[in-house]
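The values are calculated or read from the model by the stated rules, or taken from the named source; none is laboratory data. Small disclaimer: the values here were computed from a predicted structure and weren't measured. Here the Cβ positions follow ideal geometry from the backbone for every residue, glycine too, while neighbour counts run over all protein chains shown.
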Amino acid sequence: MPDSKTLEGTLGPDSNKWTYQTSAGFTLGPSSPPNLTIQTTTTPIRISPAATALVIIDMQNFFLSPFLGRQLGGAGHLASDQLLKHAIPAARKAGIRIVWLNWGLNEQDLKDMPAGVSRAFGFAGTEEDGPEHSGLGSPCGQVEVIDVDGSTKKIDAGRLLMRDTWNAAIFPPLDTEYMRGSKLEKRPDVWIHKNRMSGLWGALTECEEFLEKEGIRTLLFSGVNTDQCVGGSLMDAFSKGYDCVLLSDGCGTTSPDFAQKAWEYNVANTFGFCTTCVEFAKGVEVMKT
């Protein structure tokens, strides 16, 4: 007969200790009601909503807008649908903070940008690339968009991934949620600029400063691209001691399918836990307040 004995254990420092029971899985951090249990691909986890953030990365016009040639129905758009239908409403209901972590460069960022990062976005002289791939900070040119009344108009897309430009704005279906969430009286949504693929690189980023100030230790990661900016941010968060959860259907990538699968596997088995927006919402639905 199989051994039915319940095993228990603890991991980590007192400031963010995990506890484990074979019957209940992992409790991440200090246990303070209400607690939210989420089924992951490997084990149930129990988290504190007050110490958790839903991090939505780079869901911006540059990466998602059909007016820049992004085909609707792609992996990023499917992720957007799952966030809108499941993860964002669940986060709101549970009182979980939503962080919109986006590329947003200034002039000093451009001067300091490493060559390797710049190369990823093209540069002047790569003839096969269009104007939107001629380098960070370069003009994206005019784009023709559909106005609210159905008419078309041309607008300046702005310089590539610079702050306060159209191309760096949140993709409209999600922007509506950000605008609504930013007006909440309690735990409003926040927009945080990043200047690398990771939003938590280096000694202290704006994102990390915010998380530390708010006492947030558990991060639910989503956005694009899974194997680049989402993965890079998750890896840095993992190394800094945050509890990392990947919402696999809430992220997408333009890379081959194996890239997405590799990240899901490694997060589930090494860097944290992997679940879905649907499972997250299910957990919130039965959460006891």
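Annotation: of all residues in segment 73-100 being touching a Leu at 6+ places or on another chain (Cβ under 9 Å) and part of a loop (DSSP other than H, G, I, E, B), the one that is nearest to CYS207 (Cα to Cα) is ILE96. Take THR37 and decide whether it is assigned to a loop (DSSP other than H, G, I, E, B) and at pLDDT 95 or above. No; evaluated as a whole, the condition is false for this residue. Is it true that some residue in segment 254-275 is touching a Leu at 6+ places or on another chain (Cβ under 6 Å) and over 25 Å from ALA120 (Cα atoms)? Yes, segment 254-275 contains at least one residue that is touching a Leu at 6+ places or on another chain (Cβ under 6 Å) and over 25 Å from ALA120 (Cα atoms). Going by the structure shown, is ASP3 surrounded by fewer than 17 Cβ atoms within 10 Å (Cβ to Cβ), outside the structural domain of PHE271 (by TED's automatic domain parsing) and either modelled with pLDDT of 95 or more or of a type in the set (Asp, Glu) (or both)? The answer is yes for ASP3.
Per the listing GLY135, GLY122, the residue uniquely in a loop (DSSP other than H, G, I, E, B) and at pLDDT 90 or above is GLY135. Residue count for segment 53-91, restricted to those that are at pLDDT below 95 and at positive phi: 2. For GLY215, state whether it is surrounded by fewer than 24 Cβ atoms within 10 Å (Cβ to Cβ), among the small types (Gly, Ala, Ser), in contact with a helix residue (DSSP H, G or I) (Cβ under 7 Å, 6 or more places away or on another chain) and over 20 Å from LEU84 (Cα atoms). The answer is yes for GLY215. Could we say that THR27 is assigned to a strand (DSSP E or B), out of contact with any His (no Cβ under 8 Å at 6 or more places or on another chain) and of a type outside the set (Phe, Trp, Tyr) here? For THR27, the condition - assigned to a strand (DSSP E or B), out of contact with any His (no Cβ under 8 Å at 6 or more places or on another chain) and of a type outside the set (Phe, Trp, Tyr) - is met.
The condition (being touching a His at 6+ places or on another chain (Cβ under 8 Å) and at pLDDT 95 or above) is satisfied by just one residue among CYS229, CYS207, CYS277: CYS277.
Give the residue that is nearest to GLY73 (Cα to Cα), with candidates limited to residues of segment 239-289 that are in a helix (DSSP H, G or I) and among the polar types (S, T, N, Q). Per the criteria, the residue is GLN260. Going through segment 224-263 one residue at a time, which ones are farther than 24 Å from THR43 by Cβ, small (Gly, Ala, Ser) and in contact (Cβ under 8 Å) with a residue 40 or more places away in the chain? Within segment 224-263, GLY252 is the sole residue that qualifies.
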